[in-house]
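I have placed the structure first, in the form of structure tokens, so that the comments after it can refer back to it.
The values are calculated or read from the model by the stated rules, or taken from the named source; none is laboratory data. What you see is a predicted model, and the numbers here were worked out from it, not measured in a lab. Cβ sites come from the backbone with ideal geometry, for glycine too, and all protein chains shown count toward neighbours. These accessible areas exclude ligands, DNA and RNA; they are computed on the full protein's heavy atoms, side chains included. Shrake-Rupley method; radii C 1.70, N 1.55, O 1.52, S 1.80 Å.
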Amino acid sequence: MVLQTHGIKEWGYCNHNGPSTWGENFPLANGPRQSPIDIQTDNSTLDQSLTPLRYEYSKKSKTLVNTGAGWKVTVVGAGSVLEGGPLNYKYKLEQFHCHWGNDNSCGSEHTVDGKSFPAEIHLVHWNCDKYSSFDEAVDKEDGLAVLGIFFQVGNENGTMSCVTDLLHRVPHKDDIIPMEFEIDPAKFIPENPSYWTYPGSLTTPPCLESVSWIVFREPVDISEKQLEVFRSMYNYGRLDRTPEDEFRGKILSNYRPPLELGARKVRYCQLG
Amino acid sequence: MNPYKRSHAIVLASAIFAILFATAEITFAQKAPFRLCVSVEFMKQCEDMLAAVPNSNVKCVSTVDKIDCITKISKDEADFAPLEPEEMWVAHRFVKEGFIVISEVRWAEFENRNFRYEPVAVVRKSSGIKSISDLAGRKSCHTGFGRNAGWKIPFSHLMDKDQLPKLCDGINAPTTEKDLFAISNYFKEVCAPGAWVPEKDKDLELKKKYPNLCQLCENPSLCSRDDKHGGYEGALKCLTQKGADIAWTKMDAVISYFKLDSQPIAGTEDYHFLCWDGSSMPLNLNNTCSWAKRPWKAYLSSSRLSSADIGDLQTAITALRNKGNDLPAGDQKLPDWMRNVLEISNEPPRKLNQTDVIFHFETHVAKLTTPISYLSVGKNYSVTIEKPSCATGSSIKFCVKNDLEKSKCLSLQLAAAGRRVLPKVDCVLAETDLECIQKVGNGQADLVNLSPKDSDWAQRNYDLVPVLSEVEWNHNKDDIGPYRYAIAVIKSSDPQDYKNISALQGKKSCHGSIRSLAGWNAPLAKLRDLNLIGGPTCGLTIQMSQFFGNQSCVPGAKDVAIPTRMPWLPTKNLCSICAGDGPLAGQAFTPDTVCKDDSSERYFGAEGALQCLLDGVGDVAFIDHVELHGKILASGDMKATDFKLLCTNGSTMSNLTNYQACNWGKIPSNQILTRSGDEWEVKREDVRLTLLKISDTLGPGGKAVGVLKLFGPYFGNNDFLFKDTSIGLCDYKSVPEFKSLISDFDYCTTSTAPSLFSSFSILIFSCVALIMARFS
């Protein structure tokens, strides 16, 4: 009988289990094609051949989950499509989630010329031309495409309210509720469609190097209050004891700092 | 004397409320009513309540259970509900913030008391016990095994104060025995009366193994729940008459046993209270040294309400309560809505011979108390919920098949933990039954709930073992068990005289699904037993088809023919009267839907099989009694008078509840399976005992029924975790007829382990050869 191997330290964002330790259990985290990166505008290449992205999403989502590392909305893939830009295939939306920091000086995973934003949302898509499921695509070189959008503090983000209004109902890790409202992920995308693109990875373990990254230049608004709602989530289960880490069980910060670009090139598509 | 007179006297002070209420009414008129969670079955009583108090400014919101209610309050779909402290804890864990406790429900007799009861420890002074660390090796008296004040609460404190944890690990045993082992090794002699496990023989075995746990009982050899040294006062008797060192009971019992409120009995001065901080206090009424105080049931509301709104709401609750106390006149019974809607009178004080329970109103806890601080006021009552056993670290992992089922599982986890059922339940997500079976097999999960066929398959291929069965609903209380009756239904207008069952020959049949044991396997086995069909195993299918004149609808027959390499299956005949998505056979809009094994086929499932009769297409439908009564007739979609039962002797019965006398065999219910192997014996026992406790506590008739609806649709989804129609769980017992039900057909259809496949092919081949021979 095969027994599951338990005891792998759970990854997180605290000192003892944070990004600098991920490589111990997830060797890919030390790989050559890791994300996020610092986007240096001077070193990115303006690529005239890049076309604007085309996207269309179903407004139906399935569930809102507290993953212990943040929140995640899983969506109904049917009727959604992302194509164009640097992508050679059609991609389907699987889920979206956010990264943030304990104050507004940090939070985004990608940085632009060293500058952080208070939060960043990731719309995660999989290549539905070549693969039959997200699980199949997740570790393939051209398996995933992720849209990254920066948030700046400003007005309340109406689309994000659909999430923040529900977060108090998934306070603990593994809490899950069905999404009852419609939410249009396209509304997260900024007015100006200019973007940077580069080949990278998942920014959380197992850090698979399967992502075509598309990061929009223009940040969109989110209110201070909404960011506070993010930071009020807990990283432990309903029946677990409050952890004695430096965050006292709160998800105050869940971003991975930028990694080396190495031999990769960042291309820039200027539009609008 | 009218017991309610007293209530009036006590609430006299609230005469002010009458005035308040009169003025408040004006403001109420413009406000949206306060929404009270009411269990769906009591909505009618809520109407009675609102009719009795027309200006209450309250309305009722129908909820499935308390967890649904807590969710609705957090979603602003309800405003308030009465909750036990254990459910306050659940509310806090479920949705961390946003609740406040606004009013308590107190008994009239104890209306000045701030807690419902206060567990205490009484110590013999001469024992020299000075602190909690002096308790090891002593003689200890308890109200009973597993009871709150006398067992779980002391246990939780001994755990919390690090007295027990090291002993817990001294044995590899199921949680119940670990607990017994730890206490047995901690104290020298104990009286822990009551059943330690549900089974008599296992209980006796454990009592032989840990004899010191019964030594202080009046009758150590029985050690039963009614032992004179058990119960609240019995524990004190044990202390004073058996020369024990400490007794765990509640304050009320100490007062009445030692007569502290009048003339204390002789010898009272030989005892004192041991406090949780190690200090001691004399035995008197001013005791403030309980170990954990159990708060009253209280009304929970949302912190989105303004303090003015909360005041109005408190007033509204009081007005309803006053009316409820006023109503009883002749029969001296409180209206049903007091008990079921306001939940004010469902806990009659044990010792009092009256039922004048009264709602007491506490404004001082009203405004700012969160559920968790409400519990901590009682000396951190949460600890007693979180640590009442050795099993605080371990869990049993329930395998679930989708996100929403996981969400129900997580609610179950919380509801069970709130009621101190340990080890806790964890939830493991898989995609399919097969993946669940594999996960249980390799230890990633510990239990899965399967249909009898899947269970049989998992036992044969993955070495899983059933430990529990679901209990099926039945009209006859004495016939309730882990099985359903397969029945044959015909139209009540059917003129045919079936005196001899062979008259069924040539009739058209509707079977619901080829996977249905009642719809397909049961009639197959029965017709074989009656010698109406026969011959070699694999020929039965064809013979059955022929028996029904090659006019049947067996949805799914066309699908199994291909994957199981049974091209000889008479698919056409088994699907010949199926309608697909059309109104009748041969009129399908989408040809592909004909004979499909899902609801796109008009005659799919038990309801479809009956529809097949009503459409005049089929003459007989094979279903089971739970499907007929628990689902179809209960939903009101079809009328009982349209049908009658056909018995296997050819008689008919128009009373559809006669299935015990008129059936086509017993079908086993769903089963809970876990891993086999000696090394998993402890886990198996934990799974079995924990789920039994869950079903006893949260299921129908349980102490905490209504916290989480175990059996029933979940947000419109059917059969999550358990079958909707089940009513409980019991130890697994095999249904002897089952093997013969599945053997004949399934050995021809299910492809099992590949290694067996070649021999199957031979079998099938020889069958085909035989059939061919017969036809030629």
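Starting from 0 in steps of 10 Å, tell me what percent of the Cα-Cα pairs of chain B lands in each bin.
Each 10 Å bin holds this share of Cα pairs: 3, 12, 18, 20, 18, 14, 9, 5, 1, 0, 0.
Given a Förster distance of 51 Å, report the FRET efficiency between B:PHE110 and B:ASP615 from their Cβ-Cβ distance, rounded to the nearest 0.05.
Once the sixth-power term is evaluated, E becomes 0.20.
Averaged per residue, what accessible surface does the protein assembly as shown expose to a 1.4 Å probe, in Å²? Before the final figure, lay out the partial values.
Details: 42770 Å² over 1048 residues.
That works out to 41 Å² per residue.
Could you let me know the centre-to-centre spacing of the stretch B:87-113 and the stretch B:384-421, using Cα atoms, in angstrom?
22
Kindly give the semi-axes, whole Å and largest first, of the ellipsoid equivalent to the stretch A:19-269, taking each as the square root of 5 times a Cα gyration tensor eigenvalue.
26, 21, 19
Under a crude label model (7 Å from the Cα following the beta-carbon direction), how far is B:PHE589 from A:GLU182 in nanometres?
About 2.4 nm separates the two model spin labels.
Of the lysine pairs in the stretch B:483-668, how many meet both conditions: Cα atoms under 12 Å apart, and a spacing of 8 or more in sequence or different chains? Walk me through the numbers on the way to the answer.
Working: B:LYS491/B:LYS639; B:LYS491/B:LYS644; B:LYS526/B:LYS666; B:LYS558/B:LYS572; B:LYS558/B:LYS596.
The number of close lysine pairs in the stretch B:483-668 is 5.
Give the relative contact order (percent, whole number) for the stretch A:19-269; include only Cα pairs under 8 Å separated by 6+ residues.
Computed value for the stretch A:19-269: 28 percent relative contact order.
With N set to the residue count of the protein assembly as shown, report its C-alpha Rg divided by 2.2 N^0.38 Å to two decimal places.
Output field value: 1.07.
Can you give the helix-only mean residue ellipticity at 222 nm for the protein assembly as shown, where every DSSP H stretch with n ≥ 4 adds -39500 (n - 2.57) and the sum goes over all residues, rounded to the nearest 500 deg cm²/dmol?
After summing the helix terms and dividing by residue count, I get -8000 deg cm²/dmol.
With a 1.4 Å probe and every protein chain kept in, tell me what percent of the accessible surface of chain B is carbon plus sulfur.
Using a 1.4 Å probe with all protein chains present, chain B comes out at 52 percent carbon and sulfur.
Whole angstrom only: what separates the Cα centroid of the stretch A:55-73 from the Cα centroid of the stretch A:212-272?
After rounding, the separation between the Cα centres reads 15 Å.
Mean separation of Cα pairs under 8 Å and 6+ residues apart, divided by the residue count of chain B: what relative contact order is that in percent?
After rounding, I find 15 percent.
Antiparallel DSSP bridges in chain B: what percent, to the nearest 5? Provide the component values of the computation, followed by the final result.
Numbers: 49 of 72 bridges.
In chain B, approximately 70 percent of DSSP beta bridges are antiparallel ones.
So for the pair B:ASP326, B:LYS188, with labels modelled 7 Å out along Cα→Cβ, what separation do we get in nm?
6.3
If a helix is a whole DSSP H run, which ones in chain B reach 20 Å or further along their own axis (Cα) and hold a mean Kyte-Doolittle hydropathy of at least 1.0?
Correct list, ordered by number: B:757-775.
What does the structure give for A:170-181 when I average, per residue, the other chain Cβ atoms found within 10 Å of the residue Cβ?
4
Do you know which residues of the stretch B:439-487 lose at least 20 square angstrom of accessible area in the protein assembly compared with their chain on its own, with a 1.4 angstrom probe?
B:GLY441, B:ASN442, B:GLN444
Less than 24 Å apart at the alpha-carbon level, and either on another chain or at least 8 residues along: which lysines does that give for A:LYS225?
Leaving aside lysines fewer than 8 places away in the same chain, those within reach of A:LYS225 are A:LYS72, A:LYS115, A:LYS173, A:LYS187, A:LYS250, B:LYS72, B:LYS75, B:LYS96.
Let me check something: with ligands and nucleic acids excluded, how do A:GLU191, B:GLU199 order by accessible area (1.4 Å probe), largest to smallest? Working shown, then result.
Working: A:GLU191 180, B:GLU199 35 Å².
Correct descending sequence by accessible area is A:GLU191, B:GLU199.
Extending each Cα 7 Å along its Cβ direction at A:GLU224 and B:MET653, get the distance between those two points in nm, one decimal.
It works out to 7.5 nm between the two label points.
Quick one: check the C-alpha center-to-center distance for the stretch A:14-44 versus the stretch B:162-211, whole angstrom.
Going from one Cα centre to the other spans 52 Å.
Quick one: which of B:76-84, B:217-225, A:31-39 comes out on top by average Cβ neighbours within 10 Å, and what's the full order, highest first?
Per-residue mean Cβ counts within 10 Å order the peptides as B:76-84, A:31-39, B:217-225.
Can you work out the FRET efficiency for the pair A:SER132 and B:SER262, with r the C-beta to C-beta distance and R0 = 56 Å, to the nearest 0.05?
0.10
Mind checking B:407-413 for the average number of partner chain beta-carbons within 10 Å of each residue's beta-carbon? Spell out each step's value before the answer.
Details: counts 7, 0, 0, 7, 1, 0, 4.
The mean count of partner-chain Cβ atoms within 10 Å per residue comes to 3.
Just to be sure I understand: of the beta bridges DSSP finds with both ends in the stretch B:119-282, what percent are antiparallel, rounded to 5?
Antiparallel: roughly 70 percent of the beta bridges in the stretch B:119-282.
Using a 1.4 Å probe on protein heavy atoms only, how many Å² of accessible area do B and A hide from each other, summed over both chains and rounded to 100?
Summing both chains' loss of accessible area gives about 2200 Å².
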